[in-house]
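Please read the structure below before turning to the comments.
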Amino acid sequence: MTYSQVHYFLMIESSRSFSHAAEELFISQSSLSKQIKALEDELGVQLFIRTSSKVELTSAGNHFLEFAKKSRSDYLELIDKLSMMDTQKVCSVKVGTLPLLAPYRLLGKIARFQETNDNIHLDLLEREQQEIIYLIDNYMLDLAIARTDYLDTDKYDVMPLIDDDLAVACSLSSPLAKLGKVKLSQLKDEKFILLDQKSTIHRLCIDACRKSGFSPNVKFTISRHEPLLAMVELGLGITLFPRRLLMDEPGLRLAIVELEVPVVSGVAIIRRKDKKMSLGAERFFNTFPTA
């Protein structure tokens, strides 16, 4: 058994696809399959059930998963300790982030942190919330910049960065555009366009509307905010969206209306409490917010 085989196994388990894992690993699918077959032959068990549409772990694969996660964690900790013996060697920190660094003015902080920590290499991976949480839960990230609204604080340490309230975005021709503030209950007859279910904002919007006594009439869901806001501009519906992200879209002709009772979404740097941090990750977690 090699560490590469363990890493390949974890990549397939994460993506639930041999082809997607091969793309991420920059190897051919046939080479990846051969490595997993060799691992299965050595262990004497089948690790994956392969079908035409998906890949699932066998019961033996689930047992091996725990070993693989611990092995990777131990390996990365060892590499970090060894690298710190050489003060000139660069330490790598893998950080997952939502696509909000630019609108939330976090890129400048990252640049300032990098200027004063030139022996720390930041590997930034931009993904949606659901995937970021999966990756950090499976020890594939050191840290994450993510929304905290539904986060289990028993599992994570949280370093708050930004709170952003949701606002109503609508077309300039909408009757709502003439209002200064609205109650959520006033939106019960509106058509909604929301980010898809992988987004924390989607869940936050649904829950806020239900607390106001109605289930929103969601006509469209979409994974990216640029086309979503373009659809709102065309009058196809309204949306609830973080205000600071809306203000970062000056090219769009939208009306932005406040909610009378604020609905707030928090963004923070998070880390798993049960994962030992490298010195580089520890420094980023503790100094980045004030960098």
Quick check: residue separation of Ser33 and Leu234 times 0.36 nm, minus the Cα distance between them. What number comes out in nm? 67.6 nm
What value, in deg cm²/dmol to 500, does the helix sum -39500 (n - 2.57) over DSSP H runs of n ≥ 4 give at 222 nm once divided by the residues of the chain? -12500 deg cm²/dmol
Once the Cα gyration tensor of segment 18-175 is diagonalised, what are the square roots of 5 times its eigenvalues, in whole Å and ordered largest first, as equivalent ellipsoid semi-axes? 34, 25, 16
Using only Cα atoms, what is the ratio of the radius of gyration of segment 230-279 to 2.2 N^0.38 Å? 1.77
Probe 1.4 Å, all protein chains in place: accessible area of His225 in Å², nearest 10? 50 Å²
Work out, step by step, the length gained on full extension between Asp207 and Ser19: first 0.36 nm times the residue separation, then minus their alpha carbon distance; give nm to one decimal. 64.0 nm
Mind listing the phi-derived Karplus ³J(HN,Hα) values for segment 264-274, rounded to whole Hz, using 6.51, -1.76 and 1.60 with θ = phi - 60°, and x for any glycine or proline? 10, 10, x, 10, 8, 7, 10, 8, 6, 5, 8
Whole-Hz couplings from phi, Karplus 6.51/-1.76/1.60, listed for segment 212-221; x for Gly and Pro: 8, x, 8, 9, x, 7, 7, 8, 9, 10
Over all distinct alpha-carbon pairs, what is the Kirkwood Rh of segment 1-86 in angstrom? 13.6 Å
Over all Cα pairs of segment 90-132, how is the pair count split among 5 Å bins, expressed in % and running from 0 up to the last occupied bin? 6, 21, 25, 27, 15, 6, 1
Cα-based Rg of segment 143-199 per 2.2 N^0.38 Å, rounded to two decimals? 1.58
Tail beyond 37 Å, pair distance distribution of the chain (Cα, percent): 28 percent
Can you list the equivalent-ellipsoid semi-axes of segment 111-181, largest first and in whole Å, using the square root of 5 times each Cα gyration tensor eigenvalue? 34, 18, 13
Taking Cα atoms, the helix 29-43 axis meets the longest principal axis of the chain at an angle in degrees (rounded to 10) of 60 degrees
Can you work out the accessible area per residue across the chain, with the rest of the protein chains kept in place, probe 1.4 Å, in square angstrom? 52 Å²
Report the dimensions of segment 125-250 along its three principal axes from the alpha-carbon atoms, largest first, rounded to Å. 48, 30, 24
Most mobile of Pro103, Pro242, Pro227 in a GNM of the chain (Cα contacts under 10 Å): Pro227
What's the carbon and sulfur percent of segment 24-160's accessible surface, probe 1.4 angstrom, rounded to a whole number? 53 percent
Helix 59-84 sits off the longest principal axis of the Cα atoms of the chain, rounded to the nearest 10 on a 0 to 90 degree scale, by 90 degrees
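The values are calculated or read from the model by the stated rules, or taken from the named source; none is laboratory data. Since the structure is predicted, the reported quantities are computational estimates derived from the model, not experimental observations. We work out accessible area using only protein heavy atoms, side chains counted, and drop any ligands, DNA or RNA first. Shrake-Rupley method; radii C 1.70, N 1.55, O 1.52, S 1.80 Å.
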